[in-house]
Amino acid sequence: MRSPRVFFLLVLLIAVAAIAWYFASRAAPADRITVYYTKPDGASEIPWTISVRPQQNGESGAQRRQYLVLYAASQAVAGPSAQVAALRFPAGTQVLAAGVDGTTATVDLSADVGAGQRGATIEGGEFKSLVWTLTALPGIDSVQVTVAGRKIASLPGGSFELDEPLRRSDW
């Protein structure tokens, strides 16, 4: 008598687990992304996980991707809280626009990004943070940076080239 009861409970447990797995696997895409900030040494990254809004009803996959690129780029440019030791974009730098073309994200930064000559380590760390953040998003392999709507060869200091898309492997 005990054997059928144990068998029934086992089957019930397996069914509940299968149903739970099914609904969990169909859940909306992750509502969190990782933003990277470069430490002052210019070599190592600090990952920060942040929340993003859930996908909206009627929002297409392409629209969601566009939103994620814009939000992630804005967070990377804004930088971490003041208590975190990290390289930061110049004050006033903003993301004016962001888009996706295939596997390349394009980020248009305000002209403030060119303020002053900061050197290769600082400029490299700023853009490393941006590129690592965006290439952590699914389907993004590279980042093309423009400044005030124009593709430029480098920032005024000339220590960091921006004329071609940037990839994680550039660091």
- Item | Kyte-Doolittle at least 0.5, axis length at least 24 Å by Cα - qualifying DSSP helices, the chain | 2-25
- Message: With every protein chain left in place and a probe of 1.4 Å, what is the accessible surface of Phe7, to the nearest 10 Å²?
- Response: 140 Å²
- Task: Out of all DSSP beta bridges with both ends in the chain, state the antiparallel percent to the nearest 5.
- Result: 75 percent
- Item | Calculated [θ] (222 nm, deg cm²/dmol) that DSSP helices of n ≥ 4 give over the chain, each run adding -39,500 (n - 2.57) | -11500 deg cm²/dmol
- Query: Hey, what's the chain come to in accessible area per residue, 1.4 Å probe, Å²?
  - Reply: 58 Å²
- Message: Going by amide H atoms built from the backbone, whose H comes under 5 Å of the H on Thr38, apart from near neighbours?
- Response: Ile46, Leu87, Ser129
- In whole Hz, with x marking every Gly and Pro, tabulate ³J(HN,Hα) for segment 148-155 from phi via Karplus 6.51 cos²θ - 1.76 cosθ + 1.60, θ = phi - 60°. 6, x, 10, 7, 10, 6, 6, 6
- Give the peptides 44-57, 131-144 in descending order of average Cβ contacts within 10 Å, highest first. 131-144, 44-57
- Note on the structure: Counting only protein heavy atoms and leaving out ligands, DNA and RNA, the solvent-accessible surface of Ser60 at a 1.4 Å probe, in Å² to the nearest 10, equals 50 Å²
- Message: Given a 1.4 angstrom probe, I'd like the percentage of the accessible area of segment 68-136 that is carbon and sulfur, rounded to a whole number.
- Response: 54 percent
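The values are calculated or read from the model by the stated rules, or taken from the named source; none is laboratory data. What you see is a predicted model; the values in this text were computed from it and never measured. Counting neighbours? That spans all protein chains shown, and the Cβs are built from the backbone with ideal geometry, glycine included. With ligands, DNA and RNA removed, areas are computed over all heavy atoms of the protein, side chains included. Shrake-Rupley method; radii C 1.70, N 1.55, O 1.52, S 1.80 Å.
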